[in-house]
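We did not get these values from a lab; they are worked out from the coordinates using the rules stated. Quick caveat: nothing in here was measured; it's all calculated off a predicted structure. Methodologically, a virtual Cβ is constructed for each residue, glycine included, from the backbone with ideal geometry; neighbour enumeration extends over all protein chains shown.
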Amino acid sequence: MKWVLGIESSCDDTSVALVNDVGRVLMTLTASQDLAHQPFGGVVPEIAGRSHMESLVPLIDELFRRSNVLWDDISAIAVTNRPGLVGSLIVGLVTAKTLAFVHKKPLIGVHHIEGHVVSAFLYNDEETPRVLWQQPYISLVVSGGHTQLYYIPSPGTYELLGKTQDDAAGEAFDKFAKILGLGYPGGVQVDRLAKAGDRQRFDFPRAMIKEKNFHFSFSGLKASAQRWVIQHGMHHAVSDVCASYQEAIVDVLIAKLEKAITFKNVKHFTVAGGVSANSRLRERVIELAQKKKLECIVPPLKYCTDNAAMIAYAGGVRVARGEISDYSLKPIARVDL
Ligand code: KG4
Ligand code: ZN
């Protein structure tokens, strides 16, 4: 069996993985930097870069030791080269290039969002294999840095239908959590508190929900939450305010997703990225699929947030198609898929 080595270091998770060319994950190891960034309430780029440098090579060493995979079993090295924090991307890129050079392996640069899209098709050996869907499908990618809706007519072709005009959905969760003093990253905390809350109690804005496009806007929501806290105080009905705020985000995501599905008349869709770990969003996605008799995949929690398995798979599919990056592969801070 041949494995693609994946390396992900675009933001605040250092991750390495071994995945084959049909998406079977042998092993993923991830070093989270949450504790290092927590005192600052958000990702500090310099700390992120330094932490990747400390963790990445030891993590690769551990991956090979624990999996018993040898360099002869490696078919390619896939690394996230765009978009992301440049100082963080560079750590992954230099490491991947050096290993590719020393071990004479093909190198492939991967777009982080393509990784999130294909994360829906990853599987472990105890599960039923799921090959990449050949049918056209819609993919909603919602993370701390991105909120994008794609139409994918065939594997590897991405038509961007809409994206956020300001903050990403994950950012809306994180900034709200920061206002409430819930810690970083805040999405999980809001999700947890919202479970006991009343989603109807407070009315937060659903920006652009009625507009005939597929774009999103979340910055007004954050401002209205700030006003709410000033008016009502911090400790008043935290669960209700979390549930109401979360519902506003989820309502907009589901409305735009449904609109895109209807517009493209597809029967399949996926939702991926860190925010797809949100329990209310997962519930509403299943409801939508049942209502419209559609097939959908939301990855298991471990593949929702940043991980190298999705990068290895996306890169492996491209290498199998004959694509290879050269050693001048550069980090790119911002670029659409
Ligand atoms: O995909 P990801 O790990 O990193 C980026 O590419 O940005 O996503 C991280 C984001 C953070 O904003 C985090 O708060 C959010 O995903 N997140 C959640 C949940 N788990 C993670 N948001 C809402 N509910 C969750 N359960
Ligand atoms: Zn991500």
Which loop trypsin sites (Lys or Arg not before Pro) in region 277-337, with loop taken from DSSP, have no more than 11 other Cβ atoms within 10 angstrom of their Cβ? Lys293, Arg321, Arg334
Rounded to the nearest 500, what is the chain's calculated 222 nm mean residue ellipticity when only DSSP H runs of at least 4 contribute -39500 (n - 2.57) each, over all residues? -13500 deg cm²/dmol
For region 217-233, 3J(HN,Hα) per residue [Karplus equation, 6.51 cos²θ - 1.76 cosθ + 1.60, θ = phi - 60°, Hz, x = Gly/Pro]: 8, 10, 6, x, 5, 4, 5, 5, 5, 4, 4, 4, 5, 4, 6, 9, x
The chain: percent of C-alpha pairs farther apart than 26 Å? 47 percent
Length-normalised contact order for the chain - Cα pairs under 8 Å, 6+ apart - percent: 25 percent
How many percent of all Cα-Cα pairs in region 275-337 sit more than 18 Å apart? 59 percent
Which shape class, rounded, prolate or oblate, goes with region 230-274 when its Cα gyration tensor gives a ≥ b ≥ c as root eigenvalues, a/c under 1.5 marks rounded, and past that a/b bigger than b/c marks prolate? prolate
Counting residues in region 53-102 as N, plug N into 2.2 N^0.38 Å and put the Cα Rg over that result. 1.20
Fewest-first ordering of Asp336, Asp326, Asp73, Asp174 by Cβ atoms within 10 Å yields Asp326, Asp336, Asp73, Asp174
Sorted by Cβ density within 10 Å, fewest first, the residues Tyr158, Tyr313, Tyr123: Tyr158, Tyr123, Tyr313
Hey, what do the phi angles of region 59-72 turn into as Karplus ³J(HN,Hα) couplings, whole Hz, using 6.51/-1.76/1.60 and θ = phi - 60°, x for Gly and Pro? 5, 5, 4, 5, 4, 5, 5, 6, 8, 6, 7, 9, 4, 4
Which far-off residues, 5 or more places away or on another chain, put their amide H under 5 Å from the one on Trp3, with H placed in the peptide plane? Ile74, Ser75
For a quick check of your reading of the filter: which trypsin sites (Lys or Arg not before Pro) in region 127-232 sit in a DSSP loop and have no more than 11 other Cβ atoms within 10 Å? Lys210, Lys212
Return P(r) of region 131-175 (all Cα-Cα pairs; 10 Å bins starting at 0; whole %; ordered from short to long distances). 29, 42, 24, 6
Step through the residues of region 314-326 one at a time and calculate ³J(HN,Hα) from phi using the Karplus curve (6.51 cos²θ - 1.76 cosθ + 1.60, θ = phi - 60°), rounding each to whole Hz and writing x for Gly and Pro. 4, x, x, 5, 5, 5, 4, 8, x, 8, 9, 8, 9
Cβ density ranking, 10 Å radius, fewest first, applied to Cys304, Cys296, Cys242 yields Cys296, Cys304, Cys242
Candidates Val190, Val94, Val317; GNM for the chain (alpha-carbon contacts under 10 Å) flags as most fluctuating Val94
Once R0 is set to 35 Å, what does the formula 1/(1 + (r/R0)^6) return for the Cβ-Cβ distance between His103 and Leu35, expressed as a FRET efficiency to the nearest 0.05? 0.60
Output the direction-averaged projected area (hull surface divided by four) of the convex hull of the alpha-carbon atoms of region 183-223, in nm². 4.1 nm²
Ranked by GNM mean-square fluctuation in the chain (Cα springs under 10 Å), the top entry among Val102, Val275, Val69 is Val102
Sorted by chain and then number, the residues having a modelled amide H within less than 5 Å of the amide H of Met27, at least 5 places away or on another chain, are Leu18
Taking amide H positions as placed in the peptide plane 1.01 Å from N, state which residues far from Gly162 in sequence (5 or more) or on other chains have amide H under 5 Å from it. Leu149
Could you name the lysines in cross-link range of Lys264, using Cα to Cα under 28 Å and dropping any fewer than eight places away on the same chain? Lys163, Lys210, Lys212, Lys256, Lys291, Lys292, Lys293
